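Bear in mind these aren't lab numbers, they're just calculated from the coordinates by the rules spelled out. Not measured: the values here are computed from a predicted model. In this analysis, Cβ positions are derived from the backbone assuming ideal geometry, glycine residues included, and neighbour counts consider all displayed protein chains.
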């Protein structure tokens with residue numbers, strides 16, 4: 001889990017860095033998880049690996065600024081293959097919906113819009129931060 005979730009982004013950025021540094025401005029958007037912000041029972045390894053991604057991204061923000069910005073998206077429950085066990089079971093789906101302020105599961109498009117925000121000048125003064133895209137789960 002550590003190798004995939006933490007070493008994977010490190011290797012991708014290492015390979016892309018010469019191209020990012022050649023640009024006038026560039027952005028890095030890493031995907032962690034709401035579990036990086038608030039671990040839950042039974043998720044120790046996953047939470048630690050995603051917290052590592054968030055801290056790695058903060059370090060990149062310091063090391064690569066001002067020309068390269070780096071931020072992290074921390075999705076909550078999003079309808080993907082990883083969460084199939086939730087959204088295929090109506091009882092589990094309702095329980096997950098009840099835990100968030102927006103009373104719905106996230107969609108891939110929710111995460112994509114956050115990535116677009118971090119990739120444009122709309123977030124031009126934002127670097128080294130985490131954005132929870134979790135329907136209001138992590139703040140309660």
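Below are the figures for this structure:
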item: Rounded tilt (10° steps) of 108-118 against the dominant C-alpha axis of the chain; result: 30 degrees
item: Contour excess over end-to-end distance, with Cα ends at residue 23 and residue 121 and 0.36 nm allotted per residue; result: 33.8 nm
item: Rel. contact order, % - alpha carbon contacts under 8 angstrom, at least six apart, the chain; result: 28 percent
item: Distance in nm between pseudo-label sites at residue 44 and residue 82 (7 Å out along the Cβ direction from Cα); result: 2.0 nm
item: Two-site label geometry, residue 4 and residue 98: point separation in nm, points 7 Å out along Cα→Cβ; result: 3.1 nm
item: FRET efficiency, residue 11 to residue 129 (Cβ-Cβ, R0 30 Å, nearest 0.05); result: 0.85
item: Mean Cβ neighbour count within 10 Å, used as a protection proxy, ranking 98-111, 51-64 highest first; result: 51-64, 98-111
item: Folded to 0 to 90 degrees: helix 44-64 orientation relative to the chain principal axis, Cα; result: 30 degrees
item: Debye equation applied to the C-alpha atoms of the chain, log10 I(q)/I(0) at 0.13, 0.17, 0.18, 0.22 Å⁻¹; result: -0.59, -0.95, -1.04, -1.38
item: Degrees, to the nearest 10: 8-22 long Cα axis against longest axis of the chain; result: 40 degrees
